[in-house]
Each structure stands twice: as structure tokens, then as C-alpha cells.
Amino acid sequence: MKVTLSVIKADIGGFPGHSSMHPALMEIARQELGKQKGKLLIDFKVLHCGDDLELIMTHTKGVDNKLIHKLAWDVFVKGTAEAKKLKLYGAGQDLLKDTFSGNVKGMGPGVAEMEFEERKSEPVMIFMADKTEPGAWNYALYKMFADPFSTAGLVIDPNMHDGFTFEVHDLFEHKKVLLKCPEEIYDLLAFIGQPARYVVKHVFRNSDKMIAASTSTQRLSLLAGRYVGKDDPVMIVRAQSGLPAVGEVLEPFSFPYTVAGWMRGSHHGPFMPVGFDQATPSRFDGPPRVICAGFQLSGGVLEGPCDMLKDVSFDRARKMANEIADYLRRHGPFEPHRLSADEMEYTTLPGVIKKLEKRFRKI
Ligand code: F6R
Ligand code: MG
Ligand code: MG
């Protein structure tokens with residue numbers, strides 16, 4: 001049986017500020033999706049990462065399905081009404097359009113989906129982030145699927161030895177390219193080392209073209225033409241049996257690498273792995289966070305979630321992240337803590353330049 005796994009997320013109101021999620025919104029999502037269990041959906045789970053509501057759904061309708069996207073959209077609309085009633089912060093902020101037009105892509109919510117034949121056993125890891133951008137997955141995906149110093153199986157497991165192909169999207173020019181690794185890792189890195197623009201969308205196994213990973217690549221500011229909050233991406237990764245083991249999928253997050261986002265979407269900060277109960281970015285609206293929900297699929301039923309990054313083996317990464325946060329915060333408004341001007345999502349700079357225009361003298 002072919003199963004589709006759809007993860008659709010949106011920030012429809014924060015509680016309080018942009019830090020976390022009101023339980024009432026989670027309850028609405030559970031109720032609405034619950035009405036479709038056994039009908040449109042095989043199964044579902046509702047989680048949150050910071051102020052983002054995460055709908056994890058399984059079904060047999062394929063990716064980009066209108067009915068599934070409409071279901072998620074309707075949940076976000078209903079949740080927004082409640083968020084407005086409770087005067088939650090930024091109620092409905094990610095719903096950029098008034099009416100649904102067939103697909104939530106381009107309408108604000110983030111989407112990661114994949115369709116596959118369920119294997120004899122199907123472990124999947126679903127990553128959810130807050131206070132960062134889609135390119136935040138680039139580093140981790142490279143480590144998982146192309147770096148033998150992180151994923152031992154690339155060397156040891158004959159079923160992975162042929163490597164993986166990365167589908168990279170250029171979010172500015174709306175173009176994509178397939179890069180086959182290990183042959184083209186230098187070319188791949190030339191692009192994905194610029195995560196604000198080039199984002200890994202899918203990863204496929206070379207030996208049989210099987211899909212291994214899928215991410216959400218929406219950039220709200222590019223869609224809306226103005227700052228409307230960070231994109232706070234999601235990612236699905238399949239694991240084991242000729243794919244990176246669960247532990248190899250998680251290993252990249254033992255290093256809290258730098259991502260863009262944090263306060264006002266305008267600062268670099270450490271990407272901190274946390275358990276579900278710590279997914280509440282509070283210090284300086286951050287630091288940026290990532291959680292991982294582990295599942296075993298069984299005929300599309302989501303056995304789980306297991307709180308994968310809560311483990312003590314990530315304590316050191318959290319400690320390091322907090323030290324990096326201290327170090328970066330002391331830079332205040334100086335780069336590289338503050339993003340460079342062209343990367344800033346919203347800034348007073350153009351206003352300041354205009355105000356002082358007449359006072360500038362030639363040198
Ligand atoms: C970051 C984010 C927050 C807000 C910040 C200011 O993605 O959403 O850091 O940018 O809290 O929000 P406003 O301008 O609404 O007061
Ligand atoms: Mg928000
Ligand atoms: Mg958010």
C-alpha cells in the first residue's frame with residue numbers, strides 16, 4: 001500500500017507573544033482532524049513547536065492533494081477564529097490569503113510531504129523548528145546523507161554505499177537542480193552553504209531512487225513581500241535498513257550549528273535541540289529550536305510520537321547552544337549576530353538612511 005505522510009504547519013497565534021501554543025488551538029486541531037480519521041485520513045497527530053501548530057497526517061491521496069490541504073487550511077482558519085477570540089498574539093499571522101485555492105503552498109502554511117510504499121518496518125523522524133528559516137535543514141541533511149564522518153552507514157552499509165541525490169531549490173529564482181553525491185558534494189556545498197537562498201527539498205537514494213527526506217521550503221517574506229514572521233520549517237526523514245539509522249539521522253543535531261532567525265527574524269543563533277516540553281523559545285524569542293517526533297508507521301497508523309531530542313545525549317548540545325547564545329547576544333546590534341542588511345527580514349535601516357540622506361557629504 002502506498003502511504004502519504006503530510007506535515008502541514010502554521011503559526012496562527014502565539015501564547016504568550018511568539019513563544020508557545022495555547023492548548024485550545026491544539027484541541028481544535030485534534031477535534032477537526034479526528035472527524036476525518038478513518039475517512040480522509042488514516043491517522044494524525046497534533047504537536048507544536050513554539051508558536052507553530054503542527055499537523056501530522058497519513059492518508060492514501062498522494063502529495064499536493066486538494067482535500068488534504070483544504071482540511072489543514074480549515075483547521076488553521078477555525079483555530080484562527082479561536083485565537084482571535086482569546087486575543088492570542090499574531091492571530092492568523094501565517095494565513096496570507098482569505099480563501100483556499102486548491103493547495104496551501106504559497107498561502108502561508110509550511111508543507112513537507114512524501115508518498116511511499118511502506119517497507120516491512122517504516123521508522124520516520126519528523127523534525128519541527130521554530131524561529132528559523134527553511135535552509136536550517138541544509139546542514140543536517142548534508143551530514144545525514146553525505147558525510148561519512150557523521151553517518152557511518154555511507155561507508156559500512158552496502159545498501160547506502162552508492163550515496164544519495166539532493167534536490168536543491170533556488171528560492172529566489174524558482175529553479176531546482178539534482179546533485180548526485182558523493183560525486184558532486186563540492187557543487188552541492190557551494191549552493192547549500194547559502195541557506196537563505198538554496199534549500200534542500202528532497203533526498204533520494206541513488207541505488208533505487210527511493211525518497212528518503214522531504215522538507216518545507218516556504219519563505220513567508222518572499223511570498224508576502226514583507227515581514228510576516230519566520231517560516232519555522234518542518235522535515236520528514238525515513239530511517240534504517242539501507243537509509244541512515246535513527247541515531248545517524250539525529251547525530252547532526254548534537255552540534256548546535258548557526259541558523260538565521262531568532263528575534264525579529266533578524267539574528268543568527270544556535271539551533272538548539274530540545275524535548276517537546278522545552279519547545280518554547282523565550283530568551284530573546286529564542287534561541288531557535290528543533291524538536292523531533294519519531295514514529296513507526298504501521299499500515300499508515302502513526303505509532304508514536306517518541307520525543308527523540310529530549311535524550312540526555314543532547315544535553316551537551318543544549319549547554320553549548322546556551323553558551324553560544326551568551327556569546328552572540330553580547331554583540332547586540334552588531335553583525336554577525338544581527339543578519340547582514342540584505343538578509344534582514346525587516347529593518348529600520350532604509351528609514352534611517354533616508355532620514356540622514358541630506359547630511360551625508362562626499363569624502
Ligand atoms: C520571530 C518572531 C518574533 C517577533 C518579535 C517582535 O520570528 O516572530 O521574534 O519578530 O517578537 O514581534 P512584534 O513586532 O509583533 O512585536
Ligand atoms: Mg509567531
Ligand atoms: Mg514560529
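Bear in mind that the values in this text are calculations on the coordinates, not laboratory data. The structure presented is a predicted model; accordingly, all values stated were derived computationally and were not measured. Counting neighbours? That spans all protein chains shown, and the Cβs are built from the backbone with ideal geometry, glycine included.
Listed here are the residues, each with its yes/no results for (1) hydrophobic (A, V, I, L, M, F, W, C); (2) out of contact with any helix residue (DSSP H, G or I) (no Cβ under 8 Å at 6 or more places or on another chain).
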| residue | (1), (2) |
| --- | --- |
| Val246 | yes, no |
| Met263 | yes, yes |
| His267 | no, no |
| Asp285 | no, no |
| Glu323 | no, yes |
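Mind checking which residues of the range 11-59 are assigned to a helix (DSSP H, G or I) and within 16 Å of ligand 3 (Cβ to nearest atom)?
The answer is Leu25, Met26, Ala29.
Can you pull out every residue in the range 269-319 that is out of contact with any strand residue (DSSP E or B) (no Cβ under 7 Å at 6 or more places or on another chain) and among the aliphatic types (A, V, I, L, M)?
Val312
Evaluate the following for Ala196: is it within 20 Å of the chain's Cα centre (by Cα) and away from ligand 1 (no atom under 16 Å from the Cβ)?
When the stated conditions are applied, Ala196 does not pass them.
Filter the range 258-278 for residues that are part of a strand (DSSP E or B) and under 16 Å from the mean Cα position of the chain (by Cα) and give the result.
The answer is Thr258, Val259, Ala260, Gly261, Gly269, Pro270, Met272, Pro273.
Tell me which strands (runs of 3 or more DSSP E) are completely within the range 100-195 and hold 1 or more residues being in contact (Cβ under 8 Å) with a residue 12 or more places away in the chain, aliphatic (A, V, I, L, M) and closer than 21 Å to Thr258 by Cβ, or say none if there are none.
The strands (runs of 3 or more DSSP E) meeting that bar are 122-130, 164-170.
Restricting to the range 114-152, what's the tally of residues that are surrounded by fewer than 21 Cβ atoms within 10 Å (Cβ to Cβ) and either farther than 20 Å from Gly299 by Cα or among the charged types (D, E, K, R) (or both)?
Final tally of qualifying residues: 10.
Test Lys84 against the stated conditions and say whether it is within 16 Å of ligand 1 (Cβ to nearest atom) and assigned to a helix (DSSP H, G or I).
In short, yes.
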